[in-house]
Structures are given as structure tokens and as C-alpha cells.
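Participant: Right, I'll just put the structure down here and ask away after.
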Amino acid sequence: MKTETRDEQFYQPSVIGTILRTLHVDIPLFIGLFLISISSFVILYSAGGEDISILIRQATRVAFAFVLMIILAHVNPRQFQRYSSTFYIIGVMLLIAVLLFGYIGKGAQRWLDLGFFRFQPSEMIKITTPMMIAKFLSEYALPPKPKQFFIAALLIIIPTFLIAKQPDLGTSILVASSGAAVLFFAGLSWMFMLIIAGVLGLLTPVLWHFMHDYQKGRVITFLNPESDPLGKGYHIIQSKISIGSGGVHGKGWLGSTQAKLDFLPESSTDFIFAVFAEEFGLLGCLGLLLLYFLVIIRCLYIAVQAQDSYSRLLAGSLTFSFFVYVFVNIGMVIGILPVVGVPLPLISYGGTSMVTLLASFGILMSIHTHRKLLPT
Amino acid sequence: MSRHYTVKDSFAENRMFLSRVVAVLVFFSIMILGLVGRLVYLQVVGHNHYSMMAKSNRIKLAPIAPTRGIIYDRNGRVLAENIPSYSLELIPEQIKNIEQTLQKLQQLFAIPDEKIEQFLKQKKRSKRFSSIPLLVQLNDFEVAKFAVVRPYFPGVDLYARLVRHYPYGELTSHIVGYVGRINEKELKTLPVAEYRGTHHVGKIGIEKRYESQLHGQTGYSEIETNAQGRKIKSVATADPIPGENLTLTLDIELQKIAYDALEGQNGAAVAIEVKTGNVVVFASRPGFDPNPFVSGISNKAYKALQQSEDQPMFNRALRGQYPPGSTIKPFIALAGLEYNVIKARQKIFCPGYYQLPRLKHKYRDWKASGHGLVNMKNAITQSCDVYFYDLARNLGIDKIHEFLQKFGFGDKTKIDLVGEKAGLLPSKAWKKRARSQPWYPGETLITGIGQGFLQVTPLQLARATATLANKGKVVTPRLVNKFYNSEQTEITGVYEKKQIILNQQNVEDIFSAMINVIHGWRGTARRLSKGISYQIAGKTGTAQVFTVKQEEKYKEGELDSKLKDHALFMAFAPAHAPKLAVAVIVENGGHGGSVAAPIASKIIKQFLAETKVEATIK
């Protein structure tokens, strides 16, 4: 009986379903993203000093990013697969170009000045790297063999290293994790992963040696923020004060004293979660986390529903990246991770990461809405 | 291309992927739970702690300095007050072109370059929104001058602050003292919270002694500030409690009379109300103007004060230690009577000198020809030295020491001023301890006429005089005997109550001798008796500063002014119902009777005239 009903649904799609399929928009995901964006405007208005012009700028970016998302949703995943290597190679070349001729801002070389606008290739590589790995691995039987693993690992390390060199620790971690996620979803054996983790653990001191002073500083500060309350630890301490003083119910919208009186730095960008926690309290935070979690679950559902290895791996990886994004930002703001300059996805003020994120959601929608309507 | 031939097991891949998704979901859930746990820890467990930190982040306590208590004399005349003083201040943030503004102001007020430099230095250290003083203590003319052009100077304004002012200047400098900027040493001892808004503290005198009463309690304004410390708004305020007003026992009119009478001299005059110990006059000349000390005296002016030969900063009434000379004689005489060493009517022959048995040294009388046969009354009236050499020798230094100590000699009077000196009352024990020398009999003789080691302060002498006038009731001199706290309740000082047991007849004998000093025809201060309707009991004194050699004669005219004798006088009046006890010392003044006594007389005359008026009004 059950099978029959399901089959009927597949064969007789509703009118709305047909329209949505034509639009290639996944409604649950869209609603989730929309709600998060709304929260973004609400909190940004407060954190940005109740300046409407900031909201307008952000709204412009969000609109642009949503349009890009829907455009990408219309592209068939086959096309993504076909051009994955091309995108990857372009991305890596742009990263090299950044290191050679990049524009230096805030002490790091991340932008390419294209004359009409500044472009951050490291953002693009966040998507193209998992695409590349997914394409590469999906051409073989899964789980990957060691040889494939090492090639994949190399493909991950190249952009990761180039970004870390800029230096942009946050993004390089995200790129590495998105690549690693592909390997994980591809079914890399647990034993193998354990060994890799062990080797990486042993390599940590070596990594430490190659880190920039400011990056070392951040880690030290993270381990003991009170050691330098007016210097490097200031961000974390003020952020914890903001969050803690919010309590269960929060101080109410526009009620953040920490952000309003400039005690909390980067209150509109990387530390916006602290303002959110101060104004909306623990309950607000739980609500926001739930929203993120629902988006993630929907994304994982899309990954599970995907019909080929490439789509599955890419969808899983992009979801994983999104989670890492959320976790690293909140973890840093609440003081359980070092400060690595990752914005809170869809909420922090700023355009670049917003565009990348919504592009990846566009790909997810594309994967979901281009399925062949066949019974499984 | 071998890889294209790889066989893909779609079903197994699918199942494996699903298991990985489940694993990831579990992983995500655990991580999110971790975040939630941390949030609960911060927002529930740590809420109070972080709330407090957030509050202390933004709420700053701005102290509001209390108004310092006003000091009045006994008749309500203001001796220390707070007057507004204008300063010209600039707020850098509100000024477009600071250099130009400064140039314009410089033209307007002829500000020296160093002040501009000082301003610029302070500007560097200050926040952009804080007000920085350029000129302080503007006079009315300058205030008016700026008021006219004020609209052309945005960000520049006049500010009024209360500044301590002493209207009587040098007249009260040694009593009221002054306040000055808190220095680093004081910063360590003063209660930090109470002095957060206060810049001045009592340095000497009443200002220092009653600092805690005069200061009041600091109020606070809770100000919300941003991370840069800029004031956003006032949250709450706790008003400061002004300092207590003090009413001194001093009579500024009398003080002026005493001070004027000392004009041209270095000396001191102290007058104490006999019954209460209230200090009515406490003059030390020269004084100094305390007002420059409030705003910070210039180095040059301070050096001039310190290096002046007349030592205007030296409080002679409190810290000056002088040989009492003959003013000690009534006390020695009383000791003789009390110890039964001598009878009042017993006569002694004065040949003009005194010799210890078997010694050649002649202890000279001030009157080389001698006083002939003198009894106690004559000896005091004429100030016969030989009589007291003999009496002192018969008493011995131990008894003299014991008796004089009862009158407070050699001890601080415990007046409510800081820095009092104790004088010196010698004894055998003292000499052994301080000098490691035995006591010589000759030293007893000269102690009997108030010379030698014996040293008293004018305050001590006045107090001993009051005690004598009281017939043995010891009084503690006080400048403040009551003050009002914020509820206007009177707080009265606690006095030490002591009575020296004396034979009243002996006291009467001494009194009548002391009356004779002024009213007897041979009295050393007989000129005082003219034109008064009451009797004064007193004793003159002329203390040697310089020892005249055995075969030489003291010739006043030939001596350097610094080696001239000190002129002293102690008295109380009216003699039969004593109200006021006075001690006057004029450094290098010459004769007590001619120099010191008239000063005391002026004080007594005025005081009794005033109390008479008071009495008739009542």
C-alpha cells in the first residue's frame, strides 16, 4: 500500500510542486535561509548602531546572493561536475595571483583588485575545492583507495596552503574541512581517518612553527584570554561579557550595552553572535541554533536524496562546510575556539561570504531539483 | 583509462553514504550540544558575574567633591571660605583649529608661551572630549573680557570652581593654616574613595587638624560611558555631604589687635579664657598670606618665605621655645610656699648678686645695686633675682621640676593644632639622659629665674598662667570646642580635667604680688595700671639670649639685635575674678615691662570691654 501511494505521488506531481520544480527552488531550505536572513537584519540594525544605511547595503547583498542562488539552482548538477576541474584550476591560479599581485587589507593579502570590484578568490575556492574532490572521487568506486586518497589530499592541500599563506587561517581551515568532508562522505575507512588524525596531531608542533605570530597570538589568547585583557584577549573577554550578561531572556532588542558603547569589537561582523546572545539571551540563541540545525538537516536530506555520487559528495561536503562555518564562528565568540576571523554565516555584515554561502545553497537546490523523477 | 572500467556498486555506496550522513548528524548534534552547554554556562551559571562585568564596563563612578566646611571665629566672622574661581578651558573636540584658537586667545590675554606648552602637553594626555584648563584664577576683568568674545570661540568656555579663600590672610595663617594640592605622600595615607573628587587637603593648622570634619563625604554620580570613556548619560547620583562648619574660639578682632601690636617685631601672643581653655588670641608674627598656597605657590615666593630671616612660616606661638625669664617667678614662689621652703613674709637681703658657698662665681641681679631686704611680694613686684636664686637653691631642681610639671611646663598642651613643641623642663634625670652630665647647683639657681635649660612655648606660658589664675584647675587650650555635624547637632570636645592641689592662701599671696607688678608703685609693669577700672595680675620677664661675661655689663645699645633679650609678659585679668590669661613674647624685644606688657594690656582691655558689653546685653 505504502509503496503505491508514494509511487502515485511521484507520478502525479501537484501543481505547486511542478511550479517549484520549474523554479528549481527548494522551499524548506529557502524558508530556513530566509528566516536566518531576517534575523540578520534584526540584529544588524542593533549591532550597527541603528543605522538604516547598513541594513540597505546588507539587503542589497542578500538580494544579489539570493538571485545568484536561484540562478545556480537552475544549472544542472551535470554542468557543475563537468566544469569542476576547470573551476578548481582557475581558483588555484587566482590564489597564486593574489599572492603575487594581491591587494593588502588588514594585514593580509586576500583580494584581487579587478578595477571595478575587489574579488576574494579564497571564497570561490571554498566551493570549487569540494567540487573538484567530489568529481575526482566519484569517478572511482567508493570508498576511495589509498592512491586516490593521496591525490585527493594533495588537491586539498594546495589551495589550503595557498590561503594559509595569505594569511587567512579561518578560510584555509574551512577549505581543508570541506575537502576532508568529501573524503569522509566518500567512505574513507575510520581506521584510516584515525591514522591521519594521529599524524596531523604529531604535525601540530611543526605547523605551529610555520604559523604567523598573530596566529600564534590568537591561539595563546584563546588558551588564556585573561593573560592580556586589554590586548589580544580583549575580544574574547568582552564577547563573553556580552553573552553572559544577556542571561536567559536577554536584554531585549536594541538593548545591548556592550555593542552600543563600543566595548565589543567587530560587533557587526565576526562577533555579531555576542550581540545576538546579549539581546535575545539563551532562548534566542537556542532558537537561532535550531534554525541553523534545521537548515543543516534539510541539506543532509538533500544529500541523501541525491542520485549520483558526485551530487551526494558535493551536497554532503557543502553542508559540512556550512556547519563548520557556524560552529567555528559561534565557538570562537563563546570562547571555546581561537579567534580565526570567520563570520557567522548569513548573519554577519559583509558580502563575500554571503555570496559564497548562498551559491553553495544554490548548488544544493540544483542537486535537489534536478533529480530524475524515478522511483527508487 | 582503466578507471572508467571500475565497477560501481551503487547500492553499497548509497548505504555507506547514508551511514556517513547519520554519523555526521550525530557529530553535528554533539557539537551543537557542546555550544548549547557553553551558552548555558555563560548565560545561566555565569550570568550574574558577566552582568556585573558588563555594568562595571559601562558604569563609571564620577566622584562629586563635597564642599569644605567653613571656618568661623567665635563671633561668626568667616576665616576660611570657598569662593568661585574662574578658569578658561578648551574642549579640543569642539575646536576646529586649535592652533589658531590658541593664537587668538594669546593675543587677547597675553598668555605666556610656557602656559600654551603646558596646555598642549596636557592635551596630549587627555581625551578629546575632556575640558582642559588654559588659564586659571581669572579676575573679573578677564572674565568680562572673554564673555564678550565668547561666541567667536566655540569649544572654549569659562568654568567656575570653588577655591578655598582666607579673607584675613596672614592674620590667621598660623591658626587656620591652609589647604594645598594633595601630594604623593598624602595620597598614600588619605582614604582613596573619600578623596576621589578632592584635590586639596589641609596642610597645617585647623585645616589639617580638623581635616576629616571639614572635608565632608564625597558624593558619586554613576555615569554610563562608552569604551573610550565618554559620558553617555547620568544613571544615578549620591549627593555629597558637605564638610562640617567649624567655629573657632578665636576672636579675630582681638587677634588683629594682638597682631597689630606686634608690628615690627617677631613674637607671639596667646590669650586663653581662664575657665574654659578657649584660645581667644593666638598670634605669631610675622605671618604669611596663606592664599597663594591654595592654588600652588610659585617656587620663588615659597623660597622667599622660607629664606626670610624673620621666618614667617614659623609658628612661634605653638613651636617657639623661649627661656621664660622672670615670668617663671610666680610659679617658683608658689612652689616655695607649697613645699614650705619659705614664708611669704620672710625677707632676704639682696646685694645685687648671689654666690654659692665656696664658689667665686657671682650670679648677678638685673639691678646691680641690689634690692636690699625683700619679701616674696617685693621680690615678685621688683623681679628680684637674688631672692629667687636663693629660693631655687632651697627648693632644689627636683622639686622645681615636680612643681612646674604640674602646670604643664615641659609637656605639650594638647591644643588642637598639629606640630606643637613641648618646651623643656630640666631635671637631674633629664640632664643625665640627654647630656650625660651631672646636674650642677648653679643650674638650679638660673632655673629659678627662668634661664638656663628651661624653655617654654608662648602657648605653654599662657596655659600655665590660666591654670594659676584658676587656682590650680588645669585647662586644655582649645581652638575648636564645638562643631556641628550635618544634622546641626553640637559636638563638644572632651577635656582633660585636672586640679592641682594648692593652699589657697599661698595662691592669694602670689596673686597679690602679681597684682603689685602692675598696680604697685615699684611694679615692673606699673604703666599698665593707667586708665583701667579693673586689676591685672601679671609678671614681666626679660630673657637672656646671650650670656654676659662675669666682669662685663649688658649694654643693650651695643648688642646685635638678634642677641638682645626676649621681652616676656604673662598676666590674667581681672585679678579677682580671672577671665583671660595672656602670654606675650617679643623676640629680642628688650624689657618685658615696656615691650611685652603693653601688648598683653591691649588684648585684656579689648577682651574685657567686649565681655562687658556682652554681659550688659545679657
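Every read-out reported here was derived from the displayed coordinates using simple, explicitly stated rules and does not represent laboratory data. The structure presented is a predicted model; accordingly, all values stated were derived computationally and were not measured. Every residue, glycine as well, gets a Cβ built from its backbone with ideal geometry; the counts of neighbours run over all protein chains shown.
Participant: Pairs B:Lys121/B:Lys185; B:Lys360/B:Lys432; B:Lys256/B:Lys377; B:Lys208/B:Lys428; B:Lys60/B:Lys124: which are spaced more than 31 Å apart, C-alpha to C-alpha?
Facilitator: Among B:Lys121/B:Lys185; B:Lys360/B:Lys432; B:Lys256/B:Lys377; B:Lys208/B:Lys428; B:Lys60/B:Lys124, the Cα-Cα distance tops 31 Å for B:Lys256/B:Lys377; B:Lys208/B:Lys428.
Participant: May I ask you to derive the FRET efficiency for B:Glu114 and A:Leu283 from their Cβ-Cβ distance with R0 = 60 Å, giving the value to the nearest 0.05?
Facilitator: Efficiency, rounded to the nearest 0.05: 0.45.
Participant: Restricting to Cα pairs below 8 Å that are 6+ residues apart, what does the relative contact order work out to for the stretch A:13-369? Please round to a whole percent.
Facilitator: Result for the stretch A:13-369 is 27 percent.
Participant: Rounded, prolate or oblate: which fits the stretch A:13-369 when a ≥ b ≥ c are the square roots of the eigenvalues of the alpha-carbon gyration tensor, with rounded for a/c under 1.5 and prolate only if a/b beats b/c?
Facilitator: Oblate shape, in that a/c is at least 1.5 and b/c is the bigger or equal ratio.
Participant: Shape of the stretch B:55-103 from its Cα gyration tensor (a ≥ b ≥ c, root eigenvalues): rounded if a/c is under 1.5, otherwise prolate when a/b > b/c, or oblate?
Facilitator: Oblate shape, in that a/c is at least 1.5 and b/c is the bigger or equal ratio.
Participant: Which stretch or stretches of the stretch A:272-290 have amide N atoms under 17 Å from the point lying 7 Å from B:Val40's Cα along the Cα→Cβ direction?
Facilitator: Residues A:281-290 qualify, since their backbone N sits under 17 Å from the label point.
Participant: Got the relative contact order for chain B handy, in percent, Cα pairs under 8 Å and 6 or more residues apart?
Facilitator: Across chain B, relative contact order equals 13 percent.
Participant: Highest mean first, how do A:153-164, B:39-50, B:499-510, B:599-610 rank when packing is the count of other Cβ atoms within 10 Å averaged over residues?
Facilitator: B:599-610, A:153-164, B:39-50, B:499-510
Participant: I would also like to ask the following. Going by average Cβ neighbours within 10 Å, how do the peptides B:163-170, B:31-38, B:511-518 rank, with the highest at the top?
Facilitator: B:511-518, B:163-170, B:31-38
Participant: From other protein chains only, count the Cβ atoms within 10 Å of every residue's Cβ in A:291-299, then give the mean.
Facilitator: Mean shielding count: 2.
Participant: For the stretch A:146-211, what does the alpha-carbon gyration tensor say about shape, rounded, prolate or oblate, given a ≥ b ≥ c as the root eigenvalues, a/c under 1.5 as rounded, and a/b over b/c as prolate?
Facilitator: oblate
Participant: I would also like to ask the following. Using 0.36 nm times the number of residues separating B:Thr67 and B:Arg196, minus their current alpha carbon distance, what extension gain do you get?
Facilitator: 45.1 nm
Participant: Here is the link list: B:Lys300/B:Lys602; A:Lys126/A:Lys260; B:Lys414/B:Lys579; B:Lys367/B:Lys473. Which ones come out longer than 31 Å on Cα distance?
Facilitator: Violating the 31 Å limit, Cα to Cα: B:Lys300/B:Lys602; A:Lys126/A:Lys260; B:Lys367/B:Lys473.
Participant: Write out the chymotrypsin sites (Phe, Trp or Tyr not before Pro) in the stretch B:72-160 meeting two conditions: DSSP loop, and at most 13 other Cβ atoms within 10 Å of their Cβ.
Facilitator: Passing both the DSSP loop test and the Cβ count: B:Phe129.
Participant: Need one value for A:128-141: mean number of C-beta atoms belonging to other chains within 10 Å of its residues' C-beta atoms.
Facilitator: Average per residue, whole number: 1.
Participant: When the chain is fully extended, how far beyond the present Cα-Cα distance does B:Leu356 get from B:Tyr302, taking 0.36 nm per residue of separation?
Facilitator: Result: 14.3 nm gained on full extension.
Participant: Using +1 on the beta carbon of Lys and Arg, -1 on that of Asp and Glu, and nothing else charged, what's the dipole of the protein assembly as shown about the Cα centre, debye to 20?
Facilitator: 2240
Participant: Still on this structure: Peptides B:260-268, B:189-197: what's the order by average Cβ count within 10 Å, highest mean first?
Facilitator: B:260-268, B:189-197
Participant: Let me ask another. How large is the helix-only mean residue ellipticity at 222 nm for chain A, computed as the sum of -39500 (n - 2.57) over DSSP H runs with n ≥ 4, divided by its residue count, in deg cm²/dmol to the nearest 500?
Facilitator: Value at 222 nm, helices only, nearest 500: -24000 deg cm²/dmol.
Participant: Can you pull the mean other chain C-beta count within 10 Å for peptide B:25-34?
Facilitator: Going residue by residue through B:25-34 and averaging, the value is 4.
Participant: Starting from the Cα of B:Lys562, draw a straight line to each of the lysines and keep only those under 20 Å, dropping any in the same chain fewer than 8 residues away.
Facilitator: B:Lys549, B:Lys553
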